[in-house]
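What follows is a set of notes on a single structure, which appears directly below.
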Amino acid sequence: MPSVARKAIEAFAERHGPHKIFSAPTALHAKAWSKGKPDPQYAVPTTMTGPTEAPGYTKALVIAHGLMGTTNNFYTPGTQLSRDLDGTIDGVVAVDMRNHGRSPHKDVHSSVALATDLLLHIGRMADAAPVTEDPPRYVLMGHSMGGTAVCKAAMVASDPHAREKVLAECAPEDVKERKMLEHAAVNFDELIAGVIVVDVCPSQRMPGAFNRISNDLQALMDVELTVDSSPKSVGERLRSKITDDMMRNFLLTNLISGRPKDGEPASWRCNLPVLRHSLDHLAFPITEEVEAEHKVKAPTLFVFGDRSPYNHAEGRRAIDKFFANAEQVEIEKSGHYPHFEQKDAFCDVVAPFIRRCLDG
């Protein structure tokens, strides 16, 4: 028999027309690493899915990047995990979050809006998956901003009765996203088999870090881009304002080269004004009362870099207020980007967890 989630999806489609909930304008651009024809460099080939498409995987890892990132941030760990988990998952799907990469630019950028996008994306994946006796099952993994998004998605999807209280915490401008999330939360509680949160706490509030990020984004906005602007030339102009070489080079991955033949200047791939304005909305807007009353039941793994400024005792103590079945691990000799700084150690930690979530 079809799963409970499938029945809910089919019932919604019968009432509102097929695919209506999954053709929403917040569709994300995604890259998928899936099983198929052997590739000489990787165990699986790299394929692309369009902005309104999603691969029909029954079991998959879905990855949400951090602020100013793209799907490319997880290309190397994504391909390694797809190889390590061959036989457990159909594929690894990394999504460009809204206002990043090749996904649409939107005026609202909050943890609720990001969670809505993720829920609708896994909804499209489930809708495209073959109908079997077992429901589609996905593990959500998010880094930093993406981590707060998967936390929010898991909390709302895990307990439909908590939906109204959780959504009441949303910013007033998230009206459209709230309505979409209300529909999505009804169908997706059993689709989330596990959650991996990378180097961020669910109640993280770091005004100092947000101020530094805000200044960095403003520095990018202040650079006058021309048709001849290159990462090297822009990087030199940013050096005095963004002194951290690693951070400056990371931000420069968002630069799109100009097209001199067309007279088109270089530009930033991400939506800088909205991102800078929305930093306060990326914190986890849930009160103590809601935290204690509604916990995520899905297995959850928090992965921290032992040297990361986001790894602090107060934030980690709050994890149990949100998650009933949470583990915490630290990756040695790593800062805020353990999947990049210590890729092998990171994959060695998360691969067994994913296997337990999907095979158990």
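The values are calculated or read from the model by the stated rules, or taken from the named source; none is laboratory data. Computed from a predicted model, the values in this text were never measured in an experiment. Note that each Cβ is placed from the backbone with ideal geometry, even for glycine, and that neighbours are counted across all protein chains shown. Just the protein is used for accessible areas: all its heavy atoms, side chains included, with ligands, DNA and RNA removed. Shrake-Rupley method; radii C 1.70, N 1.55, O 1.52, S 1.80 Å.
Data for the structure
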{"read-out": "Ala318-Asp306 pseudo-label distance in nm [points 7 Å out on the Cα-to-Cβ vector]", "value": "2.6"}
{"read-out": "For region 85-98, 3J(HN,Hα) per residue [Karplus equation, 6.51 cos²θ - 1.76 cosθ + 1.60, θ = phi - 60°, Hz, x = Gly/Pro]", "value": "9, 4, x, 9, 10, 7, x, 10, 10, 9, 10, 7, 5, 3"}
{"read-out": "Under-5 Å amide H pairs with Leu67, H placed in peptide plane, nonlocal only", "value": "Met145, Gly146"}
{"read-out": "Heavy-atom accessible area order for Phe302, Phe340, largest first, 1.4 Å probe", "value": "Phe340, Phe302"}
{"read-out": "Integer Hz, Karplus 6.51/-1.76/1.60 couplings in order for region 296-301, x for Gly and Pro", "value": "6, 8, 4, x, 9, 10"}
{"read-out": "Under Karplus coefficients 6.51, -1.76 and 1.60, residue-wise ³J(HN,Hα) of region 68-82 in Hz, glycine/proline x", "value": "6, x, 8, 4, 4, 4, 10, 4, 5, x, x, 5, 5, 5, 5"}
{"read-out": "Positive dipole terminus of region 207-279, leading residue within Val274, Asn254, Phe210 (C-beta point charges)", "value": "Phe210"}
{"read-out": "Amide H contacts under 5 Å for Phe304, placed H, 5+ residues apart", "value": "Asp199, Val329, Glu330, Ile331"}
{"read-out": "Rounded percent of accessible protein surface that carbon and sulfur make up, region 207-279, 1.4 Å probe", "value": "50"}
{"read-out": "Solvent exposure, largest accessible area first (probe 1.4 Å, DNA, RNA and ligands not counted), of Asp244, Asp107", "value": "Asp107, Asp244"}
{"read-out": "Accessible solvent surface per residue of region 207-279, calculated while the other protein chains remain in place, 1.4 angstrom probe, Å²", "value": "58"}
{"read-out": "Cα-centred dipole magnitude for region 207-279, charges only on beta-carbon of K, R (+1) and D, E (-1), debye, nearest 20", "value": "100"}
